[in-house]
Amino acid sequence: MKEKVVLAYSGGLDTSISINWIKEKYNMDVIAALIDCGQPDDFEDAYRRALDLGACKAIIIDAKEEFIKDYIFPSIKANLKYEKNYPLATAIARPLIVKKLVEEANKEGAKAVAHGCTAKGNDQVRFDVGIRSLNPELKIIAPQREWNIPRDKAIEYAKKHNMKINVTKKSPFSIDENLWGRSIECGILEDPWEEPPEDIFKWTKITKNQNEFEYIEIEFEGGIPVAVDGEKMHPARIIEKINKIAGSFGIGRIDMVENRLIGIKSREIYESPAAVLLMEAHKQLEALVLDRELVHYKYLIEEKMAEMVYYGLWFTPLRVCLESFITESQKYVSGIIKVKLGYKNFSVVGRKSKYSLYDKELATYDKEDIFDPKYSENFIKIWGYPYELLGKKGRINE
Ligand code: ARG
């Protein structure tokens, strides 16, 4: 009996030709695993195609709920962004895909797993490191990396092997999509001076006028969104709804040059309206309910955790520890945030919470003020005492 390999199958050209290639090169039975993290693919169609292309078995795994609960929620709680901008949509889905792939390989008694990552990106790191940490026995096959075949050659290969693949319209872009965002690279975008053409956008197609605006209220409980405009909703619906409203204003477009783990700088465009808006709203709620020291320290944890996710270090002790810090910090992050949406822009314009630490009687400059000015004078004396001493000794630091 032949050995088995579980392939993370997307239904696209690259993973499709991989089925044949793996069979020829490694003489293995290929199980195609379609892992649904909310990408808008036609899974039934891809399922059939995998079998037509010679996979011995195909499976569709619905990972959406798990994606939300174990990956998107921690992202919101941690305001997770790489290099302060990228909401990590592609990156946070990888450990989940890896987990499902390895689970399937274990179930099937497969000796190997395969993925479609190239040799240039971060995703190969996320796959390989994740797979090795979950099951070090598994062999990793990466046809794109091993074969390194250009796209036109891939189409030729598909034709030569009579594969039914629709590649009539060749898109110059590489696109990755899931519930949390859409990533677009390659083609004209490889020139960082070139403005992204309007037609690459799908989630942020602008249908609003420049002077239109709209308000939405987002309610959080323990750091996660639970309602929009007073209506309780399943988190997937909240994400969808905000993607739709904010997207129609062109909110959530990110155009950046980022530092990949393997050292290359790359230019990528992201569309993540819900991620951008929810995390900003969440951050503003934290500003209201958390004390200063926690907020400031949390910034450091957030940045480190974003790096860990980007670098493919999900299944690691440090990521787990950082996440438990984040979880513990969210107990009182409950309340409502009012957001004003406008053309390609939004701002938080109101916040309230039963755990608010904002004390109007202390903050006000009006007559209701209860603040004792003597406190300040004395506090500042003690606060500045070490420097007063230096000054007295003539040790001036200008
Ligand atoms: N640069 C992003 C990351 O490493 C996205 C990678 C995938 N992008 C794409 N357009 N296929 O997480």
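Read-outs throughout are calculated quantities, based only on the coordinates presented, and are distinct from any laboratory measurement. Just so it is clear, the structure is predicted and the values come from calculations on it, not from any experiment. Counting neighbours? That spans all protein chains shown, and the Cβs are built from the backbone with ideal geometry, glycine included.
Things to note:
- Total charge dipole magnitude, the chain, about the Cα centre, Cβ charges on Lys, Arg, Asp, Glu only, Debye to nearest 20: 780
- Among the trypsin sites (Lys or Arg not before Pro) within the stretch 57-145, those in coil by DSSP and having at most 12 neighbouring Cβ atoms inside 10 Å are LYS84.
- Listed by chain and number, the lysines whose alpha-carbon sits under 22 Å from that of LYS159, ignoring those within fewer than 8 places in the same chain, are LYS23, LYS25, LYS169, LYS170.
- Per-residue Cβ neighbour rank within 10 angstrom, fewest leading, CYS186, CYS37, CYS321: CYS321, CYS186, CYS37
- The stretch 35-58 and the stretch 251-310 have Cα centres lying 33 Å from one another.
- Over the chain: helical MRE at 222 nm, DSSP H runs n ≥ 4 each giving -39500 (n - 2.57), nearest 500: -12500 deg cm²/dmol
- Across the stretch 1-105, C-alpha contacts under 8 Å between residues 6 or more apart give a mean separation that, scaled by the residue count, equals a relative contact order of 27 percent.
- Top of ASP62, ASP42, ASP369 by mean-square fluctuation, Gaussian network on the chain, Cα under 10 Å: ASP369
- Full-stretch length increase - GLU146, TYR355 - with 0.36 nm per residue and alpha-carbon distance subtracted: 69.8 nm
- Those GluC sites (Glu not before Pro) in the stretch 1-60 that DSSP places in a loop and that have at most 16 other beta carbons within 10 Å: GLU3
- Neighbour-limited loop hits for chymotrypsin sites (Phe, Trp or Tyr not before Pro), the stretch 317-384 (at most 15 other Cβ within 10 Å; DSSP other than H, G, I, E, B): TYR343, TYR355, TYR358, TYR365, PHE371
- Non-local lysine pairs in the stretch 58-102, meaning eight or more places apart or on different chains, with alpha-carbon distances under 20 Å, amount to 7.
- In this label model, SER324 and PHE379 are separated by 3.4 nm, measuring between points 7 Å along each Cα→Cβ vector.
- Peptide packing: for 300-306, 266-272, the average count of neighbouring Cβ atoms within 10 Å per residue gives the ranking 266-272, 300-306, highest mean first.
- Lysine-lysine proximity count for the stretch 178-265, Cα under 20 Å, sequence distance 8 or more or distinct chains: 8
- Nearest 10 degrees, 0 to 90: helix 273-289 Cα axis against the chain principal axis: 30
- Label-to-label distance, HIS296 versus ASN209, with points set 7 angstrom from Cα along the beta-carbon direction: 4.7 nm.
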